Every structure is written in structure tokens, then in C-alpha cells.
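Here the structure comes first, spelled out in C-alpha cells, and everything after it is commentary.
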Amino acid sequence: MADGILYLHALSTLGNVSFRDYVLNRGSVFFTDDSKPVVNSGANLETIEWYVEMTNKYGAKQVQSLQAASSTTGIDPFLAGFVAMEVNVVDFYKKLSESDINYGVAPMPGLKEGENATQGGSFDLEIFDHGDQKKADAAWEFLKFMTSIESQQYWASENKWPSTNQAAMDSCTEFNEDPVWQVILEVMAQTKVTKYEPTAPNWWNLLAPELEAAQLEQKTPEQALNDAQQAIETAIENNAVLGN
Amino acid sequence: MGRNQKGQGRRMKRRENLMGYLFASPWLMGFFIFTLYPMCSSLYYSFTNYNTLKAPKWIGLRNYQIMFTSDPLFWKSIWNTVYYAVLSVPLGIAMGVLIALLLNRKVRGMRFFRTIFYLPTVVSSVAVSLLWMWILEPNFGLLNTFLGRIGIIGPGWLTDPAWSKNSLILMSLWSVGGGMLIYLAALQDVPESLYEAATIDGAGAFKKFFKITLPMITPTLFYNLITGVIGGLQVFSQAFIMTNGGPSYSTYFYGYHLYNKAFSEYQMGYASALAWVLLVMTLLLSLIIFKTSDKWVYYEGK
């Protein structure tokens with residue numbers, strides 16, 4: 001507390017946020033538009049150095065043990081009252097709304113003034129053609145049902161997970177009157193979209209252990225990113241033969 | 001007359017054979033459908049690129065070539081698995097024998113203790129894993145709380161790459177009850193007369209253990225070594241439930257790599273090749289143990 005202003009220091013790795021989100025939110029990428037890995041780019045190196053420094057300020061082991069406590073008990077550190085603030089995904093609102101704690105939701109600040117730092121992916125529904133038209137038609141009917149306004153409103157309301165069907169979101173009074181939903185919907189305009197990489201769908205699994213090694217000071221951040229870049233390039237070469 | 005008898009005998013033999021196969025058929029069907037067919041299929045898939053949606057595509061030895069030349073996780077997972085097996089199997093055997101020796105004493109309430117020591121073996125590995133996650137939790141886990149009471153700052157256990165494999169090895173000792181039971185049976189088979197003779201000759205407790213008990217239970221040790229090595233190389237569920245292979249791949253075992261390739265990346269061909277390499281490794285190790293068994297396993301009848 002200084003000058004009547006309360007400064008809150010948040011441990012910005014708890015909840016559901018990682019190095020990946022910070023990279024995307026500073027406008028950097030892990031893959032170029034034509035799917036070439038650029039994991040060890042200058043901007044990513046700067047970000048990992050900041051990330052490692054930030055986590056090490058609290059102690060990597062302390063961070064890991066807090067995360068371990070969370071995964072062992074299944075209790076979120078924020079909901080358990082261990083931390084005053086954390087970054088989390090939108091559907092965490094469901095747990096918040098079911099808890100009896102006093103909470104507020106705010107957009108995650110971006111790198112520049114006035115920017116929000118949110119990113120999101122989505123999922124897709126696919127119909128695989130096995131050559132049976134009857135099954136394909138039935139699947140298509142199911143797909144239409146799942147993506148209808150009524151279904152999307154139902155799932156969004158039940159799971160607190162915004163629908164990509166804009167008509168469903170616009171026409172529902174629950175979403176329009178709820179202040180938390182309003183924050184979620186407002187940040188959508190600036191939300192960066194995560195991209196699926198078909199040549200290396202599991203690229204994050206190759207980067208995450210390297211990040212851990214940097215956090216535990218087993219490798220320098222630069223070495224960790226270079227090793228991750230190498231591992232992802234090798235995986236892409238292998239995947240071309242092995243398929244995925 | 002003779003020819004008739006012969007024909008009758010042949011018919012009876014044929015009928016007996018048929019009945020035999022009929023009675024064995026549930027097992028035979030199970031073997032052909034659930035063991036032989038998947039084995040043959042996986043051998044074929046190991047030479048293909050197969051993602052379960054499209055038909056398998058023959059790629060010859062490429063899966064094996066990639067595995068040995070450009071998959072760093074293959075070697076990492078082998079190192080982790082070998083480390084785990086090399087430490088957990090002998091430790092498990094030593095612990096099993098030690099507990100069996102203690103439970104072989106004739107004191108009151110022994111049946112109760114035998115049941116208690118065997119009990120963890122019947123608990124599912126998922127429940128055991130969850131229990132140990134609580135025990136090994138660095139902040140408020142049972143073990144670190146206890147160590148803290150006696151002035152020791154406990155390590156991060158599963159969250160520390162230097163301790164994670166050792167933590168799983170420590171945890172594996174929880175289920176030595178299975179082996180213990182077999183050692184106990186073997187210990188009770190050692191003739192009392194041998195100990196009596198040794199006592200007359202002036203042998204002490206250590207000498208009796210190393211010269212009588214241990215040689216006499218070597219067939220059991222041999223059996224448990226073989227099954228332990230096979231089980232050790234297949235270690236998977238603990239890492240899957242407790243650590244997700246981390247931190248920093250430190251508990252990324254061979255079985256986990258196989259699982260990831262098959263059910264996370266849908267590279268069934270590559271996963272099949274991994275399975276066959278594991279089979280060959282297991283066979284080779286078993287063969288080595290069998291070959292050396294002449295030198296250290298003692299059979300009474302021989």
C-alpha cells in the first residue's frame with residue numbers, strides 16, 4: 001500500500017495461464033502462417049526470460065508445489081483462498097458462480113495501454129465420410145441440432161462457456177444482463193485466436209518440459225527454446241512419415 | 001473283429017479329441033480373438049502409417065528407423081524406464097524378503113500382520129496413486145509434514161525432476177505384499193532340519209540366512225525377478241495419474257510414450273512398433289536372466 005493505492009502482486013502462472021498465453025498476447029507466435037515453427041524467435045526469448053524471472057521471484061519450486069497442491073486436491077488456489085488473484089479461463093465462471101466467495105472479474109491487461117490480453121481456441125464438429133450416406137445424414141442432423149440457437153444457449157448457460165454462434169449470445173437475456181458475461185463478451189473483440197497446427201498437433205507437449213527445465217534452472221531460457229525448436233522440427237519431419 | 005475294434009477305437013479317440021477341443025474352446029477362442037489376432041495385427045501395423053481413420057499404409061521399416069534415429073523421447077523414455085526397473089525391482093525383492101522373514105516368526109497375531117502387509121496389493125493402482133499424491137504433496141503432504149517435525153525440509157518429491165522417479169520407486173515398495181506372500185510360502189518350505197544341523201555346527205543367524213535361507217528360496221527369487229522386470233518395463237499408470245510424465249520428462253516412461261503415440265497422436269503404426277520393441281527387450285532381458293539362473297538358482301531336486 002502506498003499513496004492510498006493498493007498494489008496487488010499476482011502470481012501470474014496460477015489458474016489457467018502459461019507461457020504460451022503470454023507469447024500470444026504480446027503479438028508473437030510459435031508458428032508462421034505457413035506452419036513453420038519459430039519457437040526460438042527473439043520475441044519469444046524475451047517472453048520466456050520475463051516468464052522465468054517472474055516465476056523465479058516466487059521460487060519455481062514454490063510455484064510448482066502450489067500447482068501440485070491444486071492438482072492433488074482438485075481445489076483451485078483462488079477458490080481455496082491461497083491467492084488473491086489468478087488468471088483463468090472463461091468457463092471457470094461456472095465454479096465461481098457455484099462458490100460462496102466474494103469475487104470480481106476483470107479483463108487481463110495487455111502489453112500496451114488499453115489492450116486486453118485474452119486468447120482462445122475452439123473446437124470443431126466433424127463428419128467423417130465412411131461411405132454410408134445414411135450415417136452421414138444422421139450425423140448432419142445431429143450437427144444441426146448441436147449448433148442450433150437453443151442448444152448453444154443451453155450449453156453456454158450450463159457450462160458458462162460462450163458460444164461462437166453470435167445469434168445465440170445476442171438473443172439471450174441471461175448473457176445480456178449478467179455483468180460477468182458482459183466482461184467475457186467485451187474482451188472477445190480483442191481475443192487472439194489460437195491456431196491448430198496439423199503438422200505438429202502436440203507441439204506444446206514438446207515445449208512444456210523445456211519450459212519447466214528453464215524454470216528449474218536446468219537450462220538457460222535460450223537453450224530451452226532452442227531445444228524445443230529442434231524437438232518440434234524433428235516431430236514435424238517424423239509426423240510427415242508417421243501421420244497423425 | 002479286430003478291424004472293427006480298431007475302427008471303434010479310432011472313432012472314440014476322435015470323439016475324445018473333439019470333446020477336448022470343445023471344452024477348451026472358450027479359452028481357445030479368447031486366445032485367438034483377444035491375443036493372437038491383436039498380436040499379429042500389431043506386428044503388421046508396426047510396418048505401416050496408421051491413424052485409425054484411414055486404411056494403414058505400408059512404410060516398411062520407417063517406424064523402426066525413426067524410433068532409433070530421430071525420436072529423442074524414445075531414448076529418454078528407455079532411460080527413465082530402465083532407471084525405474086533397475087532400482088525398483090531389486091529394492092522390491094529385498095523389501096519383500098525382509099518382510100517375509102519378519103512375518104515368518106512364530107509370534108502372536110501374525111495372521112493379522114500378514115493380512116495388513118498384503119492388503120495394499122489388492123488396492124487398485126489408481127487409488128494407490130491418489131493416496132501417494134497426498135502423502136508426497138510438498139506443502140502439506142504426510143511425508144514432508146513428518147520430516148518437518150524432525151527438522152528436515154523435505155524435497156518437492158513428484159514436482160522435482162531430481163526426485164520424481166525416486167518417489168515412484170518409493171511408492172512401488174507399497175505393493176511388495178504380493179511378492180512377500182510368495183517368499184513367505186517359500187520360507188516355510190525350507191526344511192527345519194537344515195537350520196538344526198547348522199545350529200549344531202555353530203552357524204549364526206547371518207550365516208544361516210546367507211547359506212541356507214537365501215539359496216533355498218532362489219527359485220522364488222528367480223520367479224519374482226522375471227515378473228518384476230516384466231512389470232517394471234511396463235510401468236505406466238503411476239506416471240499417467242500422478243505426474244503426466246513430468247516434470248521435465250523425468251517420469252516419461254516407455255509405456256507412457258507408447259500411450260501418447262497411440263492415443264494422443266493417433267500414430268498407431270509407430271505405437272505398434274514401440275510395443276514390439278518392448279516385447280523384444282523384455283524377451284532379451286528374460287533370456288539373460290534365464291541363462292544366468294544356472295549359476296545362482298538352486299533346485300532341490302537337481
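The values are calculated or read from the model by the stated rules, or taken from the named source; none is laboratory data. Keep in mind that what you see is a predicted model, and the values were worked out from it rather than measured. Every residue, glycine among them, receives a Cβ derived from its backbone with ideal geometry; neighbour counts consider all protein chains shown.
If a residue has to be surrounded by fewer than 16 Cβ atoms within 10 Å (Cβ to Cβ) and on the phi > 0 side of the Ramachandran plot to count, how many in the stretch B:133-181 make the cut? Of the residues in that region, 1 qualify.
So is B:Tyr256 within 14 Å of chain A (Cβ to nearest Cβ), under 17 Å from A:Leu206 (Cβ atoms) and within 16 Å of the chain's Cα centre (by Cα) or not?
yes
Can B:Asn104 be described as surrounded by 14 or more Cβ atoms within 10 Å (Cβ to Cβ) and within 14 Å of another protein chain (Cβ to nearest Cβ)? Judged against the criteria, B:Asn104 is not a match.
Are any of the residues in the stretch A:102-119 part of a helix (DSSP H, G or I) and among the β-branched types (Val, Ile, Thr)? No; the residues of the stretch A:102-119 include none that is part of a helix (DSSP H, G or I) and among the β-branched types (Val, Ile, Thr).
Mind checking which residues of the stretch A:194-212 are touching a Gly at 6+ places or on another chain (Cβ under 7 Å) and either outside any loop (DSSP other than H, G, I, E, B) or within 9 Å of chain B (Cβ to nearest Cβ) (or both)?
Selection gives A:Pro209, A:Glu212.
Of the helices (runs of 4 or more DSSP H) lying entirely inside the stretch B:168-238, the ones with 3 or more residues being among the aliphatic types (A, V, I, L, M) and assigned by TED's automatic domain parsing to the domain that holds B:Ser88 are found at B:177-189, B:192-200, B:218-233.
With respect to the numbered conditions (1) more than 29 Å from B:Val123 (Cβ to Cβ); (2) aromatic (Phe, Trp, Tyr); (3) part of a loop (DSSP other than H, G, I, E, B), which one is the sole condition not fulfilled by B:Tyr270? B:Tyr270 satisfies all of (1) more than 29 Å from B:Val123 (Cβ to Cβ); (2) aromatic (Phe, Trp, Tyr); (3) part of a loop (DSSP other than H, G, I, E, B) except (3).
Residues in the stretch A:72-88 that are of a type in the set (A, V, I, L, M), modelled with pLDDT of 80 or more and surrounded by 14 or more Cβ atoms within 10 Å (Cβ to Cβ) were compared, and the one that is nearest to the chain's Cα centre (by Cα) is A:Val87.
Counting only helices (runs of 4 or more DSSP H) wholly contained in the stretch B:56-126, the ones carrying 2 or more residues that are farther than 20 Å from A:Ala235 by Cα occupy B:72-103, B:110-122. Restricting A:Gln230, A:Gln215 to residues that are within 14 Å of chain B (Cβ to nearest Cβ), touching a helix residue (DSSP H, G or I) at 6+ places or on another chain (Cβ under 7 Å) and of a type outside the set (Asp, Glu) narrows the list to A:Gln215. Of A:Glu186, A:Glu126, A:Glu158, A:Glu233, all but one fail to be assigned to a helix (DSSP H, G or I) and over 30 Å from A:Tyr51 (Cβ atoms); the exception is A:Glu158. Only one entry in A:Lys192, A:Lys219, A:Lys144 is on the phi < 0 side of the Ramachandran plot and surrounded by fewer than 16 Cβ atoms within 10 Å (Cβ to Cβ), namely A:Lys144.
Only residues that are among the charged types (D, E, K, R), surrounded by 14 or more Cβ atoms within 10 Å (Cβ to Cβ) and assigned to a loop (DSSP other than H, G, I, E, B) were counted in the stretch A:27-56, giving 0. Just name the residue that is nearest to the other protein chains (Cβ to nearest Cβ) out of those in the stretch B:67-101 that are of a type in the set (Val, Ile, Thr) and crowded, with 20+ Cβ neighbours inside 10 Å. Going through the qualifying residues, I end up with B:Thr81.
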